[in-house]
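A.B. asks: Pasting a structure here, questions to come.
Each value in this text was obtained by applying a stated rule to the coordinates, not by laboratory testing. The model shown is predicted, which means the values in this text are computed figures rather than measured ones. Neighbour counts are summed over all protein chains in view; Cβ atoms, including those assigned to glycine, are modelled from backbone coordinates with ideal geometry.
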Amino acid sequence: MQHRVSLTQFLIGEQRAGHVSPDLRLLLEVVARAVKAIGVTISKGALAGALGEAGTENVQGEAQKKLDVIANEILLQANEWGGHLAAMASEEVETVHQIPFDYPKGGYLLLFDPLDGSSNIDINVTVGTIFSVLRNPQEKDKDPSENDFLQPGREQVAAGYAIYGPSTQLVLTVGNGVHAFTLDREMGGFLYTHPFMTVPEDTREYAINASNIRYWESPVRRYITELQQGKDGPRGADFNMRWVASMVADVHRVLTRGGIFLYPLDEKCRAQGGKLRLMYEANPMAMLIEQAGGAATTGRERILDVVPQRLHQRVPVILGSRSEVARVTSYHGDGAASA
């Protein structure tokens, strides 16, 4: 049997190489254990009574699924006691989650979307967990405030996601490339299966919610129209559209097969600033994509350069193969972006 490196072995190697601190290594292992617990619950589905609505709303005013609440609690409880964190923030909760006073505190801040794509849960389609790690700028004896989390994405020290599909995978960067680990269900651990993942440069796939076409700005409409025209259009090639409505699933496809993912600014989400959350979704995915050789913008600026104004801020997201992202971004610069 081929020897596989475990997640722990990989992280220890990164620590010895100076890419992660001991506390960051231990924090990422705790996140991985929480991911395993979430994956087990998801895999049981109706057998665990975990499907359906929770009867509550999150801070975004969105109806929560039972698994949204369960996944959130798993991540909070797993990370409270380890001593690696100063505080946490969840897409599902309005305010910063402080570490209980009777637990030691560490030097990092953890942000997460506990269950991305939860609209797919009840139809048994791929969902995921997204997370981001920042350094805590405060002294350890002070409780971090929301302002301490409001750091641009380029300040992230680690980012990743778990994808709960036919296999459960953990995709991770600590600023030294993108690496994926597959859960061995019999052994109960993550094994290193995809070293130094890169976004393929050439692509013939794109992911966008085409039902919103009537709300798009003109640069996005121009770009997608060119792709739809295929061999007869200016691109001279046929493109296929793929859309799962789970950011983790759509970005994972881009990371492994190339392509471009767009959730652009449009008239439906203009008042909110965009659809996806900067701190919980856009920043960690942008770090991963850039580390894999791709690009990520809002259409107007690099996502990792956006200075957050609030914890639950939303932004447009365009990410994937560098040449495609550059093209659609250039269209935004060709003139006023109007619907």
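A.B. asks: Any chance you could give the angle, 0 to 90 degrees and rounded to 10, that helix 218-228 forms with the longest Cα principal axis of the chain?
C.D. replies: 80 degrees
A.B. asks: At a Förster distance of 25 Å, what's the computed FRET efficiency of Arg204 paired with Ser167, Cβ-Cβ distance as r, to 0.05?
C.D. replies: 0.50
A.B. asks: Between the helical axis of 7-16 and the dominant principal axis of the chain, each derived from Cα atoms, what acute angle in degrees is found, rounded to the nearest 10?
C.D. replies: Its long axis makes an angle of about 90 degrees.
A.B. asks: Using 0.36 nm times the number of residues separating Gln309 and Gln98, minus their current alpha carbon distance, what extension gain do you get?
C.D. replies: Stretched fully, the Gln309-Gln98 segment lengthens by 73.9 nm.
A.B. asks: Still on this structure, please answer the following. Just for the chain, what percent of DSSP beta bridges are antiparallel, to the closest 5?
C.D. replies: 85 percent
A.B. asks: Run through all the Cα pairs of segment 205-333 and give the fraction in each 10 Å bin from 0, expressed as whole percent.
C.D. replies: Cα pair-distance distribution for segment 205-333, in percent: 13, 48, 34, 5, 0.
A.B. asks: Where the only charges are on Cβ atoms (+1 Lys, Arg; -1 Asp, Glu), what is the dipole of the chain about its Cα centre, to the nearest 20 debye?
C.D. replies: Approximately 700 debye in magnitude.
A.B. asks: Mind listing the long-range amide H neighbours of Gln64? Cut-off is under 5 Å, sequence gap 5 or more, other chains count too, H placed in the peptide plane at 1.01 Å from N.
C.D. replies: Hits under the 5 Å cutoff: Ala54, Gly55, Thr56, Glu57, Asn58.
A.B. asks: Run a plain Debye calculation on segment 7-194 (Cα atoms as equal point scatterers, no solvent) and give log10 I(q)/I(0) at q = 0.19 Å⁻¹, rounded to two decimals, same order as the q list.
C.D. replies: Here log10 of I(q) over I(0) equals -1.37.
A.B. asks: Run the dipole for segment 7-194 about the Cα centre, Lys and Arg Cβ at +1, Asp and Glu Cβ at -1, nothing else charged, and hand back the magnitude in debye, nearest 20.
C.D. replies: Here segment 7-194 has a charge dipole of around 700 debye.
A.B. asks: Over the chain, what per residue volume does the convex hull of the Cα atoms give, in whole Å³?
C.D. replies: Dividing the Cα hull volume of the chain by its residues yields 141 Å³.
A.B. asks: Here's something else I'd like to know. In nanometres, what is the gap between the two model label sites at Lys142 and Arg257, each 7 Å from Cα along Cα-to-Cβ?
C.D. replies: Using points 7 Å along Cα→Cβ, the separation is 4.9 nm.
A.B. asks: Beyond 30 Å between alpha-carbons counts as too far, so tell me which of Lys44/Lys105; Lys105/Lys275; Lys66/Lys268; Lys66/Lys142; Lys66/Lys275; Lys65/Lys142 fall in that bin.
C.D. replies: In this structure, Lys44/Lys105; Lys105/Lys275; Lys66/Lys142; Lys65/Lys142 exceed 30 Å between Cα atoms.
A.B. asks: Could you tell me how many degrees, from 0 to 90 and to the nearest 10, lie between the Cα long axis of helix 66-80 and the main elongation axis, the longest principal axis, of the Cα atoms of the chain?
C.D. replies: Tilt relative to the chain: about 50 degrees.
A.B. asks: Quick check on segment 205-333: of the DSSP beta bridges with both residues there, what percent are antiparallel, nearest 5%?
C.D. replies: Percentage antiparallel, nearest 5: 75.
A.B. asks: Would you kindly derive the ³J(HN,Hα) couplings of segment 152-169 from the backbone phi angles with the Karplus curve 6.51 cos²θ - 1.76 cosθ + 1.60 (θ = phi - 60°), listing them in order in whole Hz, with x for Gly and Pro?
C.D. replies: So the J values, rounded to whole Hz, are x, x, 5, 8, 4, 9, 6, 7, x, 8, 10, 10, 9, x, x, 10, 8, 10.
A.B. asks: Subtract the Cα-Cα distance of Val125 and Asn212 from 0.36 nm times their separation in residues, and report this length gain in nm to one decimal.
C.D. replies: Length gained, Val125 through Asn212: 29.2 nm.
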